[in-house]
Amino acid sequence: MEWLLPLTGAAAAAIAVPALLLLYFLKLKRRELLVSSTFLWKRAFQDLQVNAPFQKLRRNLLLLLQMLALAAILIALARPVLHLSAEAGRRHVILVDRSASMNASEDGVTRLEDATRRAALLVDNLAVKRAWHFTSQADQAMVIAFDARPQVLCNFTSDKARLKDAIASIAPSDGESRIRDAIAVARAFATPAGDETNNRSSEAPPRIELLSDGVIADAGEVVAAAGDLRFHRVGAARDNVAIVAAQARRSYEQPERISVFATLANFGAEAAAVDVRLSVNGAAAAVRQALVPPRDPRPRREGPLPDRGAPGRTSVVFTFNDPGEGVLRIEALAGDALRNDDLAWLIVPPPRRVAALLVTEGNPPLLAALRACALAKLDVLAPAEFDRLDPDALDAARTYGLIVLDRHAPARLPRTSCLVFGRPPAQSDAIVTGELEDQVCIDWSASHPLLQHVDMGGFFAAECLAIAPPRDAEVLAELGTAPALALVRRRGAVFILAPFDLLRTNFPFETCFVMFCQNAVAFAGGETGEEAGRMCRVWQPLTHRAAPGGPVRGVVRTPDGAQVELQADPGGIFRYAATGRAGLYGLRIGDASEVAFAVNLLDEQESDIAPADTLALAADAVQGSAADPAPANRELWPFLAAFVLVLVCLEWYVYNGKVRV
């Protein structure tokens, strides 16, 4: 038995009990009346004797009932708690999954709402410090919400009100679910200062209370001892149809012609007929019906997530004409549990052609290939002439969307796309490690936009450079011991590195060389145009370059309508990283029109909303529990209140029986 407010109960008792007894000692002031006989007033005479001060109290049933009722009220004010668990003084980490799949709604309640409700029950079960017991300790807990990244909402505390406020503040997101970092953060907070050096602690490790549907990508990377992690499974819905891929592009031959592609996945056991609606700039443009096949029940992989087979897939294609910029909204009218993955947004810029600059001492094959590409204009400069130009002026004017460097590595370059043949410029952070001879291409990424319809199987270089690109570079083609093509993004610039002299290879004489140059032109237009950074995934930052000499303050409009002030960095780039919700964002800079940004979910794992019954960790499997946590603390005041009500009814009955003549 524990008392939450013992002093309150004692103070109330010190006032109420004497006051009740005093009522029975008070002498009533009576009015004198003449009566014909005292036979009928014997009981009144007895009552007069009882109210005489300093007279010994007689046995009185009403007084006994009132004292019992008062005692029950005073005990209820002291908040007695019956602790049903013998374990006390332990620390708990409440991990609440707020990823995209937790937005699935069942019976009007989302999984996240159910998880926060059950988390509050866990807080109610925390043991409290016993009054007048100096060796007892209260349970402590901390609250962490996580999706792809953890967020500490409350450090270890025994304050239940503070813990519940932290749980109530958890906001949903559309990110993927990853738990490893969240557990690492929890263990870091749980480790007392000074214990990091010897990796030992006098305190027991905290118990992790995980509230999730079990759709966690990196659960197999988590190491937890048996009994240290309890999995509270939420959710029951399994069927879902989602948009898992979307793309829009203009035709090279007819730039005003736009083709929109959407891929739908069905995670249910039955085929689903779904209407897919396309809206352009807020107006409905077309509706297509798609029949999505059911999930393939055959196993397809091993890993931390339960294997339920590959989802059924189908594609939908829309084609229309629009010469201007378009904000597209694709909606699958599925009406299933998860609404967030039924929507996708795309930004289609107006048709534009890239202006290119070729810096070379003379390379007829390269010049001929670039002239065959769809360019707004092509200028040619010698290396010495280019070095005399001001890179900052070129950057401010945005004169060229693509600069082709042929055997020239200038010290500074404007922030644009650069196709480099030969030694990479220092601005790319790529390092030359040696020279190679007689090299062939052994592998390449045929699906990358730069190498689409480009066959590198016949590539031969008599001489080339061995380079070590930075870690975040994309290697698009490989020689025997070094990259043949690499893609590097640095400080607003994009470098397509080809570390060889074109005239020392057979590449310019291959039929695919012109296609490679055209791909580079198209890729540069997408990377450095106004649409750069305007379409991304959840939690990827939105970026936009400020106009030279223009305002450096702007306002971001989020999908829920909130307004967030934003300031450009010293390089003139606006960056907004709080993209945890999928939807359409807007950036308004000064008096200019709003620039639209699209953030999409498009995550097959999160769209597979069937909850996992078992969470497979690195060394063990934890069985999930769908039931609410069993009460560990039972407050007794409701029972005392019921007891008081019974006593009041009994007192009323006794009183009416005594006054009956």
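Just so you know, all these numbers are worked out from the coordinates, no wet-lab data involved. On a predicted model such as this, the values are computed, not experimentally measured, just so you know. All Cβ positions, glycine included, derive from the backbone under ideal geometry; neighbour counts span all protein chains shown.
Placing one identical point scatterer on every Cα of segment 354-528 and ignoring solvent, what is log10 I(q)/I(0) from the Debye formula at q = 0.16 Å⁻¹?
-0.91
Rounded, prolate or oblate: which fits segment 420-509, taking a ≥ b ≥ c as square roots of the Cα gyration tensor eigenvalues, rounded meaning a/c under 1.5, else prolate when a/b beats b/c? Before the final figure, lay out the partial values.
Working: a/c = 1.73, a/b = 1.22, b/c = 1.42.
Oblate.
I need the GluC sites (Glu not before Pro) found in segment 321-392, filtered to DSSP loop residues with at most 16 other beta carbons within 10 Å of theirs. It would help to have the intermediate numbers written out before the result.
Details: sites: GLU325, GLU331, GLU361, GLU385; in loops: GLU325, GLU361.
Listed in order of number, the matching sites are GLU325, GLU361.
So how far, in whole Å, is the C-alpha centre of segment 565-581 from the one of segment 602-651?
42 Å
Order of 465-477, 489-501 by packing, highest average Cβ count within 10 Å first? Present the calculation step by step, with values, prior to reporting the outcome.
Details: 465-477: 16.8, 489-501: 20.5.
Ranking the peptides 465-477, 489-501 by packing returns 489-501, 465-477.
Where in segment 243-276 are there chymotrypsin sites (Phe, Trp or Tyr not before Pro) that are in a DSSP coil and have at most 14 other Cβ atoms within 10 angstrom of their Cβ? Numbers along the way, then the final one.
On the way: sites: TYR252, PHE261, PHE267; in loops: TYR252, PHE267.
Sparse-neighbourhood loop chymotrypsin sites (Phe, Trp or Tyr not before Pro): TYR252.
Looking only at segment 536-600, where both bridge partners belong to it, what percent of the DSSP beta bridges are antiparallel (to the nearest 5)?
On the way: 18 of 20 bridges.
Rounded to the nearest five, the antiparallel share is 90 percent.
Cβ under 11 Å from ALA225's Cβ, ALA225 left aside: what net charge do those residues give with Lys, Arg +1 and Asp, Glu -1?
Values: positive: ARG207; negative: ASP228, ASP620.
Residues near ALA225 contribute -1 overall.
Add +1 for every Lys or Arg and -1 for every Asp or Glu among the other residues with Cβ under 13 Å from the Cβ of PRO410, and state the total.
Values: positive: ARG388, ARG407, ARG412, ARG423; negative: GLU385, ASP387, ASP390, ASP406.
So the surrounding residues net to 0.
For the ranges 113-120, 640-647, what's the packing order if you count other beta-carbon atoms within 10 Å of each residue, average per peptide, and put the highest first? All intermediate terms of the calculation are to be shown ahead of the outcome.
Values: 113-120: 20.2, 640-647: 15.5.
Ranked by mean Cβ neighbours within 10 Å, highest first: 113-120, 640-647.
Sort the following peptides by mean Cβ neighbour count (other Cβ atoms within 10 Å, averaged over residues), highest first: 183-191, 145-153. Present the calculation step by step, with values, prior to reporting the outcome.
Details: 183-191: 16.7, 145-153: 20.7.
So the peptides 183-191, 145-153, ranked by packing, come out 145-153, 183-191.
Using the Cβ atoms and a cut-off under 12 Å, what net charge is assigned to the surroundings of ASN321, where Lys and Arg are +1 and Asp and Glu are -1?
Numbers: positive: ARG250, ARG257; negative: GLU256, ASP322.
After counting each charged neighbour, the total is 0.
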